[in-house]
Amino acid sequence: MSAAYLSLVLHAHLPYVRRPGAAASFEERWLFEAVIQCYLPLLRVFEGLLRDGVRARFAMSISPTLAEMLDDALLMDRCARHLAALSDLAAREVGRTRADARLHRLALAHRDEFGALAADFESRGRRLLTAFAALRDAGMLDLATTAATHGHLPLLNEVPPAARAQIRIGAAVHRRVFGAAPGGFWPPELAYQPGLEREFAAVGARWFCVETHGLLHADIRPHYGTFAPVACPNGVAAFARDPETARRVWDAREGYPGDAWYREYHRDIGFELAPEDLGSLAAPPGTRGPTGIKYHRVTGRVEDKRLYEPARAAATAREHAADFVRRVATRAAAAAPAMDRPPHICAPFDAELFGHWWHEGPVWLGEVARLAAGSGAVELLTPSDYLERHPRLQRATPAESSWGAGGGHETWLNESTAWIWPQLHDAARRMEGMARAVPHARCPGPGRASGITVSGITVSGVGCQVSGRTPTFGRRLSVLGSRPSALGPRPSDLGPPAPSSLRDRAVRQAARCLLLAQASDWAFMIRNDRAADFAARMVRDRLSEFDYLEDAVRRDRADPRRLASIERAVPLFAALDPGVFLD
């Protein structure tokens, strides 16, 4: 038996940014960058470990919105064109940098890498989901899922069918894409509330992740702290994030990605060259954006960045991997004498950290797996593997928590985003009424989860009051129900179902629009002022479409052309059953 268990849990997610039209939108580049910089490199790492017979297993959740985009032929065609444009730009950079030998070598490296990635992408038939499924079948990955559009479940759970629909649609998409129930469930933003585990169990998930303090503040004190999961009353296991390993990777000052030798994410030729020199990769007029061609390293907290040295950066990644494995072994050894089983360290991360935000992240990840396999002291396994070996767990229910600032939900519910939640709650209630307008919509079964409490903020009616100082974990006030909007009737005001294919389509499309408006990404982006105008527009536009569709259902007068236009703009979840919104 190993002295320590390590679970690396990767969460791959992007908001749904597909746009109709002949040309790719600027926001679709978020997907293209993730494919090029993260998902393809991660596949290479996993396949390399498998090829070399390295004993290692990873858990990975792939969000339904990301899965829908990766399975979209139009988006993958646009991604291929983006890669071709990158290769062309890199080739031009080879010519532009000839006078500077060091810069020229970096330009050549970019050109060669983009060419190799393009070949890899095409060799897979542009079907990355197939590659991830193959790695699951080969035993390298345990695939999990998350909420349909990454909705913040505790905040949505003010209207329980809204949270339940997010969970059940997420699991249904996973089953459609991967042909099996998910092994586990990743709560978006690691935002958990007691009672949600009942819905996780209903979709077949055996485990989920929570933030550190969620477990440490459980209703019953965990005997082993974060070094072992606990079982909720219904048997679903909660694995808590280990704070030390999280700090070594995530912390802005102490974390590995901030090392001076690593490639600087924010320094990109997209911010430096004239737009006409960037061709089709130039940002929209009046703005600047990254291309993916970066010549500098972190260097330090200085503006004058030095040129990147790939070999030195790769060596640093391997050194940091060795340090990480040593720290895991040391940390586990300190806990082991008080335990009846090997200490378990759960390390959940956003997958996009590896390769996108941290260029050397895939090298580090692969080296961690190889060193752990060769150490004899640390075994890299999945939460599902742990439960197979240690089915007897302490019973406890984690506390409400998230991995947001302060440990509560204020990153998503605050002064700048308070306007969102009453509208989402109102629309969710109205969605219940529309779901009844669809013949044969099924009731999903298990009862609703418990109500919602949120740190430091009270929402009441259609307005919002933000009370007190900046909320922190432990200050808890209720989020109260919102009354219906004047834009639409209460569910009881909707007439009886009428046999109309247009009506049925309108109900299903309204559900899609609501789900997209519920994505936690939008509130996060608004709160952090990252593409905030775009995020606010996404919420408003989807809710405006929802209002139109609800009115069309109530009057049974959907405009076929407008309905088709909305369907083209929001085509995800083709098999969506509105019955999941019913009690």
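The values are calculated or read from the model by the stated rules, or taken from the named source; none is laboratory data. All figures in this text were calculated on a predicted structure; none of them were measured in a lab. Cβ sites come from the backbone with ideal geometry, for glycine too, and all protein chains shown count toward neighbours.
Within the range 365-376, if we keep just the residues that are touching a helix residue (DSSP H, G or I) at 6+ places or on another chain (Cβ under 8 Å) and at pLDDT 95 or above, the residue that is farthest from A315 (Cα to Cα) turns out to be A372. Quick one: in the range 273-313, which of the residues that are without any contact (Cβ under 8 Å) to a residue 24 or more places away in the chain and among the hydrophobic types (A, V, I, L, M, F, W, C) is farthest from L31 (Cα to Cα)? In this case the residue turns out to be V302. May I ask you to list the residues in the range 186-228 that are outside any helix (DSSP H, G or I) and of a type in the set (G, A, S)? Across the range 186-228, the qualifying residues are A191, G195, G204, A205, A218, A228.
Say we look at the range 390-411 and pick out the residues that are part of a loop (DSSP other than H, G, I, E, B) and in contact with an Asp or Glu (Cβ under 7 Å, 6 or more places away or on another chain); which of these is surrounded by the most Cβ atoms within 10 Å (Cβ to Cβ)?
First, pick out the residues of the range 390-411 that are part of a loop (DSSP other than H, G, I, E, B): 390-394, 396-400, 402-404, 408-411.
Those still in the list that are in contact with an Asp or Glu (Cβ under 7 Å, 6 or more places away or on another chain) too: 396-397, 402-404.
On the way: A396: 19, T397: 20, S402: 31, W403: 21, G404: 22.
Applying the filter and picking the extreme gives S402.
Close contacts from the range 7-31, counting a first residue that is without any contact (Cβ under 8 Å) to a residue 12 or more places away in the chain and a second that is surrounded by fewer than 21 Cβ atoms within 10 Å (Cβ to Cβ), with Cβ to Cβ under 6 Å and a gap of 6+ residues or different chains, come to S25/R19. Count of the range 314-356 residues, restricted to those that are assigned to a loop (DSSP other than H, G, I, E, B) and charged (D, E, K, R), is 2. Across the range 412-425, the number of residues qualifying as more than 23 Å from the chain's Cα centre (by Cα) and surrounded by 22 or more Cβ atoms within 10 Å (Cβ to Cβ) comes to 1.
What about A334, is it free of Cβ contacts under 8 Å to residues at least 12 places away in the same chain, of a type in the set (A, V, I, L, M, F, W, C), assigned by TED's automatic domain parsing to the domain that holds L190 and over 20 Å from V230 (Cβ atoms)? So A334 fits the description; yes. If you check A171, A180, A191, A165 for being more than 18 Å from the chain's Cα centre (by Cα) and either among the hydrophobic types (A, V, I, L, M, F, W, C) or surrounded by 24 or more Cβ atoms within 10 Å (Cβ to Cβ) (or both), only one passes: A180. Whenever a residue of the range 354-382 is without any contact (Cβ under 8 Å) to a residue 40 or more places away in the chain, its partners that are of a type in the set (A, V, I, L, M, F, W, C), lying with C-beta atoms within less than 9 angstrom and at least six residues away or across chains, give the pairs G374/V54. For the range 415-433, filtering for residues that are within 14 Å of I526 (Cα to Cα) and touching a Gly at 6+ places or on another chain (Cβ under 9 Å) leaves 2.
Here's the yes/no breakdown for (1) among the charged types (D, E, K, R); (2) in contact with a helix residue (DSSP H, G or I) (Cβ under 7 Å, 6 or more places away or on another chain); (3) surrounded by fewer than 17 Cβ atoms within 10 Å (Cβ to Cβ); (4) within 30 Å of H213 (Cβ to Cβ):
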position	(1), (2), (3), (4)
N234	no, yes, yes, yes
A238	no, yes, no, yes
T245	no, yes, no, yes
R248	yes, yes, no, yes
A252	no, yes, yes, yes
A260	no, no, yes, no
R267	yes, no, no, no
A274	no, no, yes, no
L278	no, yes, no, no
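Regarding the range 331-339, can at least one residue be identified that is among the aliphatic types (A, V, I, L, M), under 21 Å from the mean Cα position of the chain (by Cα) and more than 26 Å from R29 (Cβ to Cβ)? No, because not a single residue in the range 331-339 is among the aliphatic types (A, V, I, L, M), under 21 Å from the mean Cα position of the chain (by Cα) and more than 26 Å from R29 (Cβ to Cβ). Per the listing F239, F185, the residue uniquely in contact with a Pro (Cβ under 7 Å, 6 or more places away or on another chain), aromatic (F, W, Y) and under 30 Å from H320 (Cα atoms) is F239. List every residue pair whose Cβ atoms lie under 8 Å apart, where the two residues are 6 or more positions apart in sequence or sit on different chains, the first residue falls within the range 251-272 and is of a type in the set (V, I, T), and the second residue, located anywhere, is not in a helix (DSSP H, G or I). What qualifies is I269/T291; I269/I293; I269/K294; I269/Y295. Can you list residue pairs whose Cβ atoms sit under 7 Å apart, with the first residue in the range 544-569 being at positive phi and the second being surrounded by 13 or more Cβ atoms within 10 Å (Cβ to Cβ)? Count only pairs 6 or more apart in sequence or on different chains. So the pair list comes out as D556/S500; D556/R503. The residues in the range 357-376 that are charged (D, E, K, R) and part of a helix (DSSP H, G or I) can be counted, and the count is 2. Within the range 363-386, restricting attention to residues that are under 21 Å from A181 (Cα atoms) and surrounded by fewer than 21 Cβ atoms within 10 Å (Cβ to Cβ), the residue that is farthest from the chain's Cα centre (by Cα) is D385.
In the range 137-162, the qualifying residues are those that are over 30 Å from Q423 (Cβ atoms) and more than 19 Å from the chain's Cα centre (by Cα), and the one that is surrounded by the most Cβ atoms within 10 Å (Cβ to Cβ) is M140.
Just give me the residues in the range 45-58 being closer than 20 Å to R127 by Cα and buried (at least 17 other Cβ atoms within 10 Å of the Cβ), in sequence order. Result: V45, F46. Could you check the range 552-566 and list, in sequence order, the residues that are buried (at least 16 other Cβ atoms within 10 Å of the Cβ) and either part of a loop (DSSP other than H, G, I, E, B) or not hydrophobic (A, V, I, L, M, F, W, C) (or both)? Listed by number, the residues that qualify are R554, A558.
If only residues of the range 280-313 that are of a type in the set (D, E, K, R), part of a loop (DSSP other than H, G, I, E, B) and buried (at least 17 other Cβ atoms within 10 Å of the Cβ) are counted, the one that is modelled with the lowest pLDDT is K305. S61: within 15 Å of A133 (Cα to Cα) and modelled with pLDDT of 95 or more, yes or no? Judged against the criteria, S61 is a match.
So that you can scan it fast, the table gives a plain yes or no per residue for (1) aliphatic (A, V, I, L, M); (2) closer than 19 Å to F349 by Cβ; (3) touching a residue at least 60 places away in the same chain (Cβ under 8 Å); (4) in the same structural domain as L153 (by TED's automatic domain parsing):
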site: P188; (1), (2), (3), (4): no, yes, yes, yes
site: Q193; (1), (2), (3), (4): no, no, yes, yes
site: L196; (1), (2), (3), (4): yes, no, yes, yes
site: A202; (1), (2), (3), (4): yes, no, yes, yes
site: F208; (1), (2), (3), (4): no, yes, no, yes
site: E211; (1), (2), (3), (4): no, yes, yes, yes
site: I220; (1), (2), (3), (4): yes, no, yes, yes
site: Y224; (1), (2), (3), (4): no, no, yes, yes
